[in-house]
Every structure is written in structure tokens, then in C-alpha cells.
Amino acid sequence: DTAVSQTPKYLVTQMGNDKSIKCEQNLGHDTMYWYKQDSKKFLKIMFSYNNKELIINETVPNRFSPKSPDKAHLNLHINSLELGDSAVYFCASSLRDPRDTQYFGPGTRLTVL
Amino acid sequence: QQQVKQSPQSLIVQKGGISIINCAYENTAFDYFPWYQQFPGKGPALLIAIRPDVSEKKEGRFTISFNKSAKQFSLHIMDSQPGDSATYFCAATHTGGFKTIFGAGTRLFVKA
């Protein structure tokens, strides 16, 4: 059983398009996150959600809109994609807060052409 | 603003040797310091973590040393193995701010 799953694994699209990445966790965790890992492997927090409520939006452009329909899901929708959005996006979850072990998904590699 | 500085960027160690990765932080509000290991094509996975009221934590071949006054912490991998070859990230968590800040990562290569 996969603890944190993401779909799709790869996403290739043109500039200006809109795309979504889905994330699901089956761990019963209260908190979910989105991270962006750039080409230099730098890993940066984008959003933190706790019990479906947005806690942290780490100066992410408005083109990025997370949506949490329930505690087990946190999807990421990106409007008007730009070249600089190319990266690997990781979803993660933890039991309650960031001090609990964060379990990461396998990542979604987004390439914007 | 890089709140967690990690060095070195890359590290090559002989099998059986000791790998040492260092990190420094700036924000005294950080209250939890995990290390993550990432293999190519995979998501990061928690390796070991320490809270600031402890100066050292050991789990198997992995040890974190923590110096609160200097705002520095390090990961030591004893008896390094080729299977340890991966990217290692130190991190610092601000529980009140509900976020974890990662260092830039260290690519470790253990030569057989």
C-alpha cells in the first residue's frame, strides 16, 4: 500500500496551459504539504494544510491554488504555466504538525515547454 | 533568504569511512531538526531527527550532533556504505509557523 501517492508522475505541457496534480494519503494524517524541488535539488515548502485548512502559503504566486476536499487529499492546480514552474513537486503528510515525521510522495516532474 | 545553510554541496567517501555533513541555522524559533535522505527519482524520507534540548542522537550508523549556542548541527554516517549514496537534506522546523525549511542538500557518493 502506498502511503502518499501522487498523479501524474510526469507532466509535460506548454506555457500558458492549466494543469493539476493530485495527492492522496492513506495514513490518516491531519496535515498535508506541497513542496517544490528545483533543478538544483533545492526543496522549498509551498503550502501547509491542517484539517483541510490552509495554514501556510509560502509566497507562492496566485497561479498556484491548492484544494483540499478532505483530509486525505490535497490537490494542486496551476494556472497559466510558466517556464520557471518546471520542477518536481512533492506532496507530503504528517500526523499533526511539522515535527511529526513527514512522509513524501514519489513526486511529479512538471516540464513546461 | 537561506535560513538553513548546508555544506558541503557534494561529498565522496571511501567505503567504511565517516561521512560528515554540516548545517547552520539562523532562526532561534526553530524547534525540531530532521535529516532526510533522498534517492534519485524518489521522495525524501526521514532518516533521523533531534530536538534542541538534546546535544546528540544516535540511530545505528547515523548520529546527529547539535550545538544550540552555535546554532549548528551535523550528521555523521559511520562505516559509510555504497548503499548510503544519496542526497541528504538537513532541515529545521518552526512548529508555530507550521513549516520546515530545508538546506540545499549534500550529494554523497560512497566509493566501493
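The values are calculated or read from the model by the stated rules, or taken from the named source; none is laboratory data. Quick caveat: nothing in here was measured; it's all calculated off a predicted structure. Because the Cβ atoms are built from the backbone with ideal geometry, glycine has one as well, and the counts that use them run over all protein chains shown. SASA here: full protein model, heavy atoms, side chains in, ligands and nucleic acids out. Shrake-Rupley method; radii C 1.70, N 1.55, O 1.52, S 1.80 Å.
B:Ala70: modelled with pLDDT of 95 or more and in a loop (DSSP other than H, G, I, E, B), yes or no?
yes
Has region B:8-17 got any residue that is among the aliphatic types (A, V, I, L, M) and in contact with a Ser or Thr (Cβ under 8 Å, 6 or more places away or on another chain)?
Yes, the conditions are met somewhere in region B:8-17.
Would you be able to say whether some residue in region A:12-21 is free of Cβ contacts under 8 Å to residues at least 60 places away in the same chain and assigned to a loop (DSSP other than H, G, I, E, B)?
No, there is no match, as no residue in region A:12-21 is free of Cβ contacts under 8 Å to residues at least 60 places away in the same chain and assigned to a loop (DSSP other than H, G, I, E, B).
Would it be correct to say that B:Lys111 is closer than 20 Å to A:Ser93 by Cβ and of a type in the set (Lys, Arg)?
Criteria not met by B:Lys111.
Select from region B:48-67 the residues that are within 14 Å of another protein chain (Cβ to nearest Cβ) and outside any strand (DSSP E or B) and write down the one among them that is surrounded by the fewest Cβ atoms within 10 Å (Cβ to Cβ).
B:Asp53
Taking A:Leu110 as the residue in question, decide whether it is at pLDDT 95 or above, under 29 Å from B:Ile50 (Cα atoms), open to solvent by less than 60 Å² (accessible area, probe 1.4 Å) and outside any loop (DSSP other than H, G, I, E, B). Write out each step before concluding.
Numbers: at pLDDT 95 or above: yes; under 29 Å from B:Ile50 (Cα atoms): no; open to solvent by less than 60 Å² (accessible area, probe 1.4 Å): yes; outside any loop (DSSP other than H, G, I, E, B): yes.
Taking the combined requirement at face value, the residue does not satisfy it.
Give me a count of the residues in region A:47-82 that are more than 10 Å from chain B (Cβ to nearest Cβ), buried (at least 18 other Cβ atoms within 10 Å of the Cβ) and in a strand (DSSP E or B).
Residues meeting the conditions: 6.
Looking at region B:11-37 only, could you name the residues that are within 11 Å of chain A (Cβ to nearest Cβ) and over 15 Å from B:Phe62 (Cα atoms)?
Within region B:11-37, B:Phe30, B:Asp31, B:Tyr32 qualify.
Working only within region B:82-112, note down all residues that are under 17 Å from B:Lys15 (Cα atoms) and free of Cβ contacts under 8 Å to residues at least 60 places away in the same chain.
Across region B:82-112, the qualifying residues are B:Gly83, B:Ser85, B:Ala86, B:Thr87.
Check whether at least one residue in region A:35-56 is under 11 Å from the mean Cα position of the chain (by Cα) and over 25 Å from B:Arg51 (Cα atoms), and report yes or no.
Yes.
Residue-wise test of (1) aliphatic (A, V, I, L, M); (2) within 12 Å of the chain's Cα centre (by Cα); (3) more than 27 Å from A:Val88 (Cα to Cα).
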{"site": "B:Gly16", "(1), (2), (3)": "no, no, yes"}
{"site": "B:Cys23", "(1), (2), (3)": "no, yes, no"}
{"site": "B:Gly41", "(1), (2), (3)": "no, no, no"}
{"site": "B:Ile50", "(1), (2), (3)": "yes, yes, yes"}
{"site": "B:Glu56", "(1), (2), (3)": "no, no, yes"}
{"site": "B:Glu59", "(1), (2), (3)": "no, no, yes"}
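Go through region A:52-86 residue by residue and tally those that are of a type in the set (Lys, Arg) and over 23 Å from B:Gly96 (Cα atoms).
Just the residues of region A:52-86 that are of a type in the set (Lys, Arg), to begin with: A:52, A:63, A:67, A:71.
When the remaining residues are screened for being over 23 Å from B:Gly96 (Cα atoms), the result is A:63.
Here the count works out to 1.
Select from region B:1-31 the residues that are modelled with pLDDT under 95 and under 16 Å from B:Ser74 (Cα atoms) and write down the one among them that is surrounded by the most Cβ atoms within 10 Å (Cβ to Cβ).
Residue satisfying both the conditions and the ranking: B:Phe30.
Among (1) touching a Phe, Trp or Tyr at 6+ places or on another chain (Cβ under 6 Å); (2) assigned to a strand (DSSP E or B), there is one condition B:Ala104 misses while meeting the rest; what is its number?
(2)
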